[in-house]
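K.L.:
Pasting a structure below so you can have a look.
All of the numbers you see were taken from the coordinates with simple rules; none came from a lab. Everything numeric here is computed off the predicted structure, so don't read it as measured data. Neighbour counts run over all protein chains shown; Cβ positions are idealised from the backbone, glycine included.
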Amino acid sequence: MESHQKQPRKKAKTSNSVAPIRHSSRVAVRQGWRIPPEILLLIMKELRDSKASLKRAALVCRAWRGPAQSYLFSQMCIRQLQDCRRILKLIQTSPHIASHVKRLVVAEYIYSVFRFIDDSPTNRMSYLRSNDAMEIASVLGSSVRELGVSVYPLDENNVEFLKHMRRVQTLRIRQCGKVRLDILAGVIQCMRDITALHLFGGNIQPDLKDYEANRLKALADTTTSSVVSPTIDPPLRLTRLTLDSLEYRFDLLKFLLDPRQFDLGSLEDLDLAWMEDQVDIITLDYTSLDRLIGRVGTNLKSLTLGFPGGRHPPRDRYMEHYVMSPTTSPLRCLVTLESFSIISQDIDRLDPSPYLALLASVSPSSLTRVKLKTRIGVEDFHELSQTSFALPEKDIAQRWEAMDSLVGDEDRFPVLQNFTITVVLEFRSEFTKLNDIGTCGDPECFRCEWEMEELQEMMNRHAKDSVDRTSTQTQEVFEETLTRLKQRGLLNVEIEKWHQQKSKVKDRSSGYEQVMK
């Protein structure tokens, strides 16, 4: 009977018995709880647009601190002397932060960009020449890879700061329409690793006298050695170039085309936007731009063209030059072009004829991506859609059916993979009507304040509903018209909503890029 008595079960011995969990980083690592660095970096990448989230992530634990700080301090902006002192104090406290700074934006406006440099005082002191600024330049010069410059005027008073950034690979300079060539060249030539150069002329437009003087001077100068270094060994090798409203700077174009300065044989992305004000210039000289396009014709992969406009745009003679004869257009030499983007600044016009003319002027055999961008007002959509889509008496070249016939032709565009149309819907809330509402006149009247807030909220909802309806109608009308492209699975219609009161003017040529995001 004793053999049948229940014996207490013995616990099985295991060689990997689990010890009590202790909340320490050392035990966490030993137990395999540590998140791989690659995953941590992906987490921080998702949080990169929120500084508050990155700050909280940096306080989680020591393992998170480094990846979070690498994004938290990856970009810095300097606008005044106080910024220099704040950044310098931060770097002196934590020297390792300097190695995280990959993107730097420098801004300084001594006077309005609408004034001429010659009319402004020269006895000034730029904060970029201060000891604090120069110390920052010497510390960050080896880590910064992207530099955005929005300095006006850019001259001897502030250029030395920029010359310390010798490891820069991407350089963006705004408001450089009046900057002397020797200043620009001096900055660019110091950056031996540069591969992407983005130059924006800004709001300064030349008159006839300045235009002719620049053109004649460029013709008279046989070399650029008089103002810049005669040669760079090896020449700078660019892969991307942006020129926005700078075609009147013949000296700058000549500098860029000099094979002793730049090797354009590797240029794959070119963004061009020509100036708006062409009325006062009798004869435009297209030679330099044509030479640039011809120089990169056998290696360029992506071209973005931004042409100006308004509610009543003037005659665009640059457009006429490039589309006058499709078979002999300078664009025809771009035989390796894979991506073609056209950005129109014509407000309240859905006319497809400029896009049609440009697409007919390039070699379509290698095009895989076409992107078109236009802008319309929400309140004008109905009238514009009737003109460009519905009216049968309208010239077929000014209707979107012609676009479907051209680009939808599989024999003409044999390798096309994507056709994207982006429509920017401009709208504004009816805040101006609030001024017509009668109130008691007492600024502290809660009843009037409540009524105004209610009315404002109602107007916002009305504007949002109107924009949403127009957005849906816009997408539908394009999809119903561009049937061949839709059947081939190539059509992609994107709608962007642009509040006129809250948004800022952006540059055209590079997809509305800012100086540095």
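K.L.:
Using Cβ counts within 10 Å as a stand-in for footprinting exposure, how do Val228, Val323 rank, fewest first? Don't skip to the end; give the middle numbers.
P.N.:
Working: Val228 22, Val323 19.
So the residues, fewest neighbours to most, are Val323, Val228.
K.L.:
While we're here: How charged is the neighbourhood of Glu268? Take every other residue with its Cβ under 10 Å from the Cβ of Glu268, and add Lys/Arg as +1 and Asp/Glu as -1.
P.N.:
Values: positive: Arg240, Lys301; negative: Asp269, Glu338.
Net of charged neighbours comes to 0.
K.L.:
Here's another thing I want to ask about it. Filter the cross-link list Lys51/Lys102; Lys217/Lys254; Lys102/Lys254; Lys163/Lys209; Lys102/Lys371 down to pairs whose alpha-carbon distance in this structure exceeds 21 Å.
P.N.:
Values: Lys51/Lys102 16 Å; Lys217/Lys254 11 Å; Lys102/Lys254 31 Å; Lys163/Lys209 33 Å; Lys102/Lys371 30 Å.
The answer is Lys102/Lys254; Lys163/Lys209; Lys102/Lys371.
K.L.:
Fully extended, how many nm does the chain gain between Gln487 and Cys61 (0.36 nm per residue separation, minus their Cα-Cα distance)?
P.N.:
148.0 nm
K.L.:
Using Cα-only point scatterers and the Debye equation, what is log10 of I(q)/I(0) for the range 135-287 at each q in 0.12, 0.14, 0.15 Å⁻¹, rounded to two decimals?
P.N.:
Rounded to two decimals, the profile gives -0.51, -0.70, -0.80.
K.L.:
Put a dot 7 Å past each Cα toward the Cβ at Glu135 and Asp280; how far apart are the dots in nm?
P.N.:
Rounded to a tenth, the inter-label distance reads 4.7 nm.
K.L.:
Also, I was wondering about something else. Along the three principal axes, how long is the range 246-377 when you take its alpha carbons, biggest first, rounded to the nearest angstrom?
P.N.:
Sorted from largest, the Cα extents of the range 246-377 read 46, 37, 25 Å.
K.L.:
Please give the contour-minus-distance gain from Ser94 to Thr298: 0.36 nm per residue of separation, less the Cα-Cα distance, rounded to one decimal in nm.
P.N.:
Values: separation 204, 0.36 × 204 = 73.44 nm, distance 4.87 nm.
In short, 68.6 nm is gained.
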